[in-house]
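The values are calculated or read from the model by the stated rules, or taken from the named source; none is laboratory data. A quick note: this is a predicted structure, and the numbers were derived from the prediction, not measured. No Cβ is skipped: glycine too gets one built from the backbone with ideal geometry, and neighbour counts run over all protein chains shown. We work out accessible area using only protein heavy atoms, side chains counted, and drop any ligands, DNA or RNA first. Shrake-Rupley method; radii C 1.70, N 1.55, O 1.52, S 1.80 Å.
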Amino acid sequence: MNIFERILSSSRIFKNRDVLRHTYTPDELPHRDEQINALATILAPALRYETPSNVLIYGKTGTGKTATVKFVARQLEEMSSKLGVRCLVHYINCELIDTQYRVFASIANALGRNIPMTGLPTDHVYEEMKKALDLRKQVVIIVLDEIDKLVKKGDEALYNLTRINSELVNAKVSIIGISNDLKFKSFLDPRVLSSLSEEELVFPPYNAEQLRDILEQRAKLAFHDGVLDDDVIPFCSALAAQEHGDARKALDLLRVSGEIAEREGADRVTKEHVKKAVKKIESDQIAETVRTLPTHSKVLLFGMIVLTESGYRKFTTGEVYTVYRNLCKKIGLDALTQRRISDLISELDMLGIINSVVISKGRYGRTREIRLDMPVDDLKVVLLEDYRLESLSAYEKNLKSLTTLDTFGEA
């Protein structure tokens, strides 16, 4: 039997796990009727070939902002098709498309142009986008998700988009901006802000009861009947409610719990699987944080791994600095000062990667005791993904048998 055939035939947990992912837009959105109706009212003029007001949408992560916009957009396009009105909603994730050029190119390409994502003058791309928009009578609604990522690189794109209607004859353009960050408006030119925030919608966090309704709705589609213990959904809901009512966190917990149960060959998903899922998600989040750390912070962490694997349960800033400085020599990196390393240790502590405690040594002053706060093997795998640290792997093996910092300093 093919190994995948065996795995598929033994799967008794999921019917459709994609229902639990953030990208899935359900046919119904529990507890968002007020926001859905408000947004639909704002966009309804598009069905009469009128220009809808621009909208700014705020709310913490996992409060249903993107799902609501996509839900309303789908309904709008369905109704426009029935009425014979040309209405297009174009979604842009500004974490990926974060420059004026790329935004214009994305819109032009969605309207049938073939614009490369780099290489042309921005003015030329803007003209191509404008031609594509004004080719026919239509209303185009541009959704800029995580709009704050675009604004941090300048508000030229928004300035041009909020004024483009004055240059169009046939088409009408409206903008929906979505953000987790209320403060991003402080980066905007007042003229852009007044044009962009004609309407504003705020999405409140979900409470535990609302999260429970969302999970129960998705669970019916995602899991086979009877595989979830009764306390799984309430437990996931309660945990996510503690995280500012984050529906994404709740859905991730439920999905990962099911995946863990599936890998273990279990017939049911239990509260114990949820507890394991919490640890796995937290570990994955920290791993992603480690990947994005500066090189010196990575070398510093690798030094802590070397100390831990050599028998040190806890270590001081001075001890870590001795090993860090030696590792820098091995990869040809200029070592930072001990004061700067002390700052980096504080940053790693805030990120939850290490745990450090300042203790008093009496008349000898104070020192900081440090220990790693995530599994050494997992941390090492992530750090060695960085090609600049690859050579430290062999070096670390030679140090495992060492037990004194004097030897580290001489190595």
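Structure values in brief
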{"quantity": "LEU111 in contact with a strand residue (DSSP E or B) (Cβ under 7 Å, 6 or more places away or on another chain), open to solvent by less than 80 Å² (accessible area, probe 1.4 Å) and within 22 Å of THR51 (Cα to Cα)", "calculated": "no"}
{"quantity": "Single residue of TYR58, TYR49, TYR101 found to be open to solvent by 40 Å² or more (accessible area, probe 1.4 Å) and hydroxyl-bearing (Ser, Thr, Tyr)", "calculated": "TYR49"}
{"quantity": "Residue in the stretch 276-296 that is farthest from ILE13 (Cα to Cα), counting only those that are assigned to a helix (DSSP H, G or I) and open to solvent by 90 Å² or more (accessible area, probe 1.4 Å)", "calculated": "ARG291"}
{"quantity": "The one condition in (1) out of contact with any Leu (no Cβ under 7 Å at 6 or more places or on another chain); (2) at pLDDT below 95; (3) buried (at least 18 other Cβ atoms within 10 Å of the Cβ); (4) outside any loop (DSSP other than H, G, I, E, B) that ASP18 fails to fulfil", "calculated": "(3)"}
{"quantity": "Meets criteria (in contact (Cβ under 8 Å) with a residue 60 or more places away in the chain, more than 21 Å from ARG32 (Cα to Cα) and among the aliphatic types (A, V, I, L, M)) for LEU196", "calculated": "yes"}
{"quantity": "Single unsatisfied condition, GLN75 versus (1) part of a loop (DSSP other than H, G, I, E, B); (2) open to solvent by 60 Å² or more (accessible area, probe 1.4 Å)", "calculated": "(1)"}
{"quantity": "Yes/no for ASN2 being closer than 24 Å to ILE141 by Cβ, open to solvent by 20 Å² or more (accessible area, probe 1.4 Å) and not charged (D, E, K, R)", "calculated": "no"}
{"quantity": "The stretch 83-95 residues that are in contact (Cβ under 8 Å) with a residue 12 or more places away in the chain, paired with ones that are open to solvent by less than 40 Å² (accessible area, probe 1.4 Å) and assigned to a loop (DSSP other than H, G, I, E, B) (beta carbon under 9 Å, 6 or more apart)", "calculated": "LEU88/LEU111; HIS90/LEU111"}
{"quantity": "Single match in GLU216, GLU199, GLU146 (criterion: among the acidic types (Asp, Glu) and at positive phi)", "calculated": "GLU146"}
{"quantity": "Qualifying residue in the stretch 130-141 (condition: open to solvent by 10 Å² or more (accessible area, probe 1.4 Å), under 27 Å from GLN35 (Cα atoms) and outside any strand (DSSP E or B))", "calculated": "no"}
